[in-house]
Amino acid sequence: MNSPPEPAETPEPAPKPKKKVSAQRRIVSWIFIAILLGIVLFEWRAKSSQANTVQSMETAMAEAGDRAEFPFTELQEFKQGNPSEEVDESGAILRKHHYRWNGIFKTYDLRVLVDEHDMVVSFDTLKEGDTVGGIRRILKKNLQALKDKQMKLMEQSSGNAKPAVTEKN
C-alpha cells in the first residue's frame with residue numbers, strides 16, 4: 001500500500017506581533033470609564049436613598065398600627081441622603097413637605113403630610129398632585145370661603161324654618 005508520505009511537521013506560522021495601544025488612548029479610555037462609573041454611582045445613590053427612606057417610612061407606619069401615624073422627628077432621623085426640601089404651609093391643618101433626590105437622569109420624589117401635632121399622616125412618591133397618599137388638603141384661603149358658605153347655609157335654614165312655638169296675644 002502506497003500511502004502518501006506524511007508531511008513533516010510544518011512549522012506553525014509565527015504569531016503576529018500585537019499592536020501596542022498608545023498611552024494616550026489608554027488614559028482616555030480609563031477617564032471615560034471613570035466618568036461613566038461616577039454617573040452610575042451618583043444616580044444609584046439618589047435612587048437608593050429615596051427607596052430606603054420610603055421603606056423606613058412604610059415600616060414606621062406599619063409599627064404605628066391602627067393610628068398609622070408616626071412623629072415627624074423620626075422621619076428626620078431615618079431620612080437618607082441629602083434631598084432638597086420644599087415646605088408648603090398653605091394647608092389649614094396639614095403642611096406638605098416635598099423631598100427631592102436629584103439624580104443625573106431622574107428626580108426621585110417623596111411628599112409627606114404632617115399635621116399640627118407634628119405627626120406624619122400620609123406620604124407618597126408622586127411628583128405632583130392635589131392629594132398626598134389619597135388625602136386632599138384644605139387650603140387656608142379655601143377654609144374661610146368654606147366657613148362663609150356654611151354660615152350662609154345655616155342662616156338660610158334657620159330663617160326659612162318655622163318657629164316651633166308661636167305666641168298668642
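The values are calculated or read from the model by the stated rules, or taken from the named source; none is laboratory data. What you are looking at is a predicted structure, and each value in this text was computed from that prediction instead of being measured. Here the Cβ is made from the backbone with ideal geometry for all residues, glycine too, and neighbour counts use every protein chain on show. SASA here: full protein model, heavy atoms, side chains in, ligands and nucleic acids out. Shrake-Rupley method; radii C 1.70, N 1.55, O 1.52, S 1.80 Å.
Using a 10 Å Cβ count of at most 13 others and DSSP loop calls, identify the longest part of the chain lacking such trypsin sites (Lys or Arg not before Pro).
Looking at the chain, 21-66 is the longest stretch - no exposed trypsin sites (Lys or Arg not before Pro) with at most 13 other Cβ atoms within 10 Å.
Any idea what angle helix 23-64 forms with the longest principal axis of the chain, computed on alpha-carbon atoms, 0 to 90 degrees, nearest 10?
Tilt relative to the chain: about 30 degrees.
Determine the distance separating the Cα centre of the stretch 76-101 from the Cα centre of the stretch 20-35; give it in Å without decimals.
Centre-to-centre (Cα) distance: 43 Å.
Just from its helices, what would the mean residue ellipticity at 222 nm be for the chain, if runs of 4 or more DSSP H residues each count -39500 (n - 2.57) and the sum is divided by every residue, rounded to the nearest 500 deg cm²/dmol?
Estimated from H runs of four or more residues: -14500 deg cm²/dmol.
What does the accessible area per residue of the stretch 24-152 come to in Å², with a 1.4 Å probe and no ligands, DNA or RNA counted?
For the stretch 24-152, the per-residue accessible area is 67 Å².
Just by accessible area at a 1.4 angstrom probe, what is the order of His97, His117 from largest to smallest?
Per-residue accessible area, sorted high to low, gives His117, His97.
Would you mind getting the Kirkwood hydrodynamic radius of the chain from its Cα pairs, rounded to one decimal in Å?
Taking the inverse mean of 1/r over all distinct Cα pairs, the chain comes out at 22.6 Å.
By a straight-distance test (C-alpha under 28 Å), which lysines pair with Lys79 as possible cross-link partners, with residues fewer than eight away in the same chain excluded?
Lys47, Lys96, Lys106, Lys127
Select from Asp124, Asp115, Asp66 the residue whose mean-square fluctuation is largest in a Gaussian network model of the chain (Cα-Cα springs shorter than 10 Å).
Most flexible of the set in this elastic network: Asp66.
Using a simple spin-label model with points 7 Å from Cα along the Cα→Cβ vector, what separation in nm is obtained for Phe32 and Leu153?
6.8
Counting only the backbone N, which residues of the stretch 107-140 are under 11 Å from the spot 7 Å out from the Cα of Gln55 toward its beta-carbon?
Once the point is set 7 Å along Cα→Cβ of Gln55, nothing inside the stretch 107-140 turns out to lie under 11 Å by backbone N.
Under 8 Å for C-alpha pairs, at least 6 residues apart: give me the relative contact order for the chain, rounded to a whole percent.
Result for the chain is 16 percent.
Compute the long axis of helix 140-160 from its Cα atoms, compare it with the longest principal axis of the Cα atoms of the chain, and write down the angle in degrees, 0 to 90, nearest 10.
Once rounded, one gets 30 degrees.
Tell me the carbon and sulfur percent of the accessible area for the chain, rounded to whole percent, probe radius 1.4 Å.
On the way: 7690 of 13660 Å².
Ligands and nucleic acids excluded, carbon and sulfur reach 56 percent.
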